[in-house]
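Presented below is the structure to which this report refers.
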Amino acid sequence: MSADPSSFASAAKCVSRHLNLSLHVDFDSRTVRGQVALTVEVLEERFSVLTLDTRDLKILSVRANGQAARFTMGPKHTFKGTPLEITLPFDLSRGQHVIVEVTYETSPAAPALQWLTPPQTAGKKQPYLFSQCQAHHCRSMVPCQDSPAIKHTYYAQVSVPKDLVAAMSALRDGQDVDPHDGGRMVYRFRQNVAMPSYLIALVVGALESRQIGPRTRVWSEAEYVDRAAFEFSETETMLKTAEDLAGPYVWGHYDILVLPPSFPYGGMENPCLTFATPTLLAGDKSLSNVIAHEISHSWTGNLVTNETWEHFWLNEGHTVYLERMIGRRLEGEQFRQFKAMGGWKDLQDSVSTFGPKNPLTNLVPSLQDVDPDDAFSSVPYEKGFALLYHLEELLGGPEVFMGFVKSYIQMFAYRSVTTGQWKDFLFAYFKDKMEVLNKVDWNAWMFTPGMPPVKPHYDTTLADACIALCRRWSQAKDQDLSSFTASDVKTLSSHQLIEFLSLLLQEEALPLSHVKKMQEVYDLNGRMNSEVRFRWLRLCVRSRCEEAVPAALRMATEQGRMKFTRPLFREVFNFEKYREEAVRVFLAHRAAMHPVTSGLVAKDLKVSADQ
């Protein structure tokens, strides 16, 4: 097992097999008071010291098999937190188990937890709490071995104010009035499939649900629940398609929770309860491919997991591959090719943002002394997908390669895996195609920064109309603008419109006269699809369209999805005249943002922590 540079807990010495959580959510103090009982299996002889990951936790007491245990807190590390060293009152041998109980309290600033005041929610009446533990933030909510190398089951009971509902990344197991406080309810959960700590998830709010399939409900505040039920009505079809491709779905339920707007990601694949941003509620189901992505994680990520965050591409590259295979089944091969082209552009975008020589653009980066949050980008997703697609082309096409992916999932199910193990399995599976595999430049793909060594050839059928329209606009002189009419975009799908705008963002900034004409004929300001709106506003700001600046800053702050918020702030910041305005708006909204988002936007805008 390779050492995890993002964790203090040594997976070589012992592993947590089960967590039993008892949590008391206190909105007044913005803390969770908790007790966790970890069932730990010992992997070495004469074992007596256990190290757990913590971050900003107040540790109140520790017991081992019911006996008091001594504990000390190590020095605080900038992003890894503080190691909790527990000295057991006895020695254990390899193969033995110990139950370690830690009583603790979280900090109001715990990066895993975002506490929202009633005005920050859709309903405006009740507070709200949600967690985001990926990559290494679970340790700020629960003292644990916070490494994806270690998988465990968990049970939980959560006490919350009785007007609120709790949900977790587990199956619901009933609820009762809190025996200690009649004004509170205790919700119970059980997760019987072993999973890494980053998939523990908790949400507490004024939640409602609607059943949308035999094993699926949508959850959200009342304001979103019917829109969400409509938007995600095809979830069961996607689930069945994924099972067809990858094997049985082992997690029981597949529920979707639509969060308040400050949630920093498009989706998060918490088992049994995918978290989704409300920016997916386009009204026409056009953004539900994000759900196909999160469903795919049920196999690649949740069932087969990267052993450390350096191998994150194993989670994301395979998940994008599987998501696009679901798209292929439901929409056809041309749709998959079209999505793959869009992904290649996202990869070019990330590489140019980081810089082509930046080691974080390696498919397998070194994260020694690197905060995993700083490494997050589309590289593991799209460089990972590009490698798998390249191998698919070399090894016999989609059906053949999907056979490999399914076998890989069966081989490593319930385990964590490194790139080396993946590659060994690839070579074993395709042993009759060794000469093909040996010609792949593995070093260039995996350990070299910048774009991949091979650019795949994608079928451009669905992209041709977008490419042609982009070319017309980027080559048009002012006197040609009268040739553009609303009919140019009438037959384009939402996906194609997004692609057209993405292509324009890769060109030199358009003259201001062009974006004004584009608004006049296409009315892009009137589009509600968040992916269209995001690209359109970037395009306008880049063309120095001053009216677009307030709208861009509004979109950057009304929702907190990093994919949108960071580039919009950067775009306004790069418009010299509005640089100070970008910083002012950020500072005014910083407190309401998710801590991960605000930290990264602060870096983008060169704002110091004490500003």
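Checking Ser22, Ser16, Ser7 one by one, the residue that is part of a strand (DSSP E or B), among the polar types (S, T, N, Q) and surrounded by 23 or more Cβ atoms within 10 Å (Cβ to Cβ) is Ser16 and no other. Listed by position, the strands (runs of 3 or more DSSP E) enclosed by segment 94-178 that each have at least 1 residues that are surrounded by fewer than 24 Cβ atoms within 10 Å (Cβ to Cβ), among the polar types (S, T, N, Q) and touching a residue at least 60 places away in the same chain (Cβ under 8 Å) are 97-105, 151-161.
Scanning segment 213-249 for residues that are of a type in the set (A, V, I, L, M), without any contact (Cβ under 8 Å) to a residue 60 or more places away in the chain and within 22 Å of Trp299 (Cα to Cα) returns Val218, Leu239. When the residues of segment 556-611 are filtered to those that are under 24 Å from Pro278 (Cα atoms) and among the hydroxyl-bearing types (Ser, Thr, Tyr), the one that is nearest to the chain's Cα centre (by Cα) is Thr597. Cβ-Cβ contacts under 6 Å between residues 6 or more apart (or on different chains), taken from a first residue in segment 353-365 that is on the phi < 0 side of the Ramachandran plot to a second residue that is among the polar types (S, T, N, Q) and at pLDDT 95 or above, are listed as Phe354/Thr361; Val364/Thr419.
Within 26 Å of the chain's Cα centre (by Cα), modelled with pLDDT of 95 or more, closer than 23 Å to Ser7 by Cα and surrounded by 20 or more Cβ atoms within 10 Å (Cβ to Cβ): is that true of Leu88 in this structure? Walk me through it before giving the result.
On the way: within 26 Å of the chain's Cα centre (by Cα): no; modelled with pLDDT of 95 or more: yes; closer than 23 Å to Ser7 by Cα: yes; surrounded by 20 or more Cβ atoms within 10 Å (Cβ to Cβ): yes.
When the stated conditions are applied, Leu88 does not pass them.
Here Phe376 passes the criteria (1) farther than 27 Å from His457 by Cβ; (2) in the same structural domain as Thr274 (by TED's automatic domain parsing); (3) of a type outside the set (A, V, I, L, M) except the one numbered (2).
Matching residues to (1) more than 28 Å from the chain's Cα centre (by Cα); (2) in a helix (DSSP H, G or I); (3) loosely packed, with under 11 Cβ neighbours inside 10 Å:
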| site | (1), (2), (3) |
| --- | --- |
| Trp445 | no, yes, no |
| Met451 | no, no, no |
| Tyr458 | no, no, no |
| Ala465 | yes, yes, no |
| Ala468 | yes, yes, no |
| Arg471 | yes, yes, no |
| Ser474 | yes, yes, no |
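Out of all the residues in segment 280-297, which are among the hydroxyl-bearing types (Ser, Thr, Tyr) and surrounded by 24 or more Cβ atoms within 10 Å (Cβ to Cβ)? Please lay out each step first, then the result.
Within segment 280-297, the first condition is being among the hydroxyl-bearing types (Ser, Thr, Tyr), and the residues that meet it are 286, 288, 296.
The one that is among the hydroxyl-bearing types (Ser, Thr, Tyr) and surrounded by 24 or more Cβ atoms within 10 Å (Cβ to Cβ): Ser296.
The values are calculated or read from the model by the stated rules, or taken from the named source; none is laboratory data. Being a predicted model, the structure only gives us computed values, none of them experimental. Note that we place each Cβ from the backbone using ideal geometry, even for glycine, and neighbour counts take in every protein chain shown.
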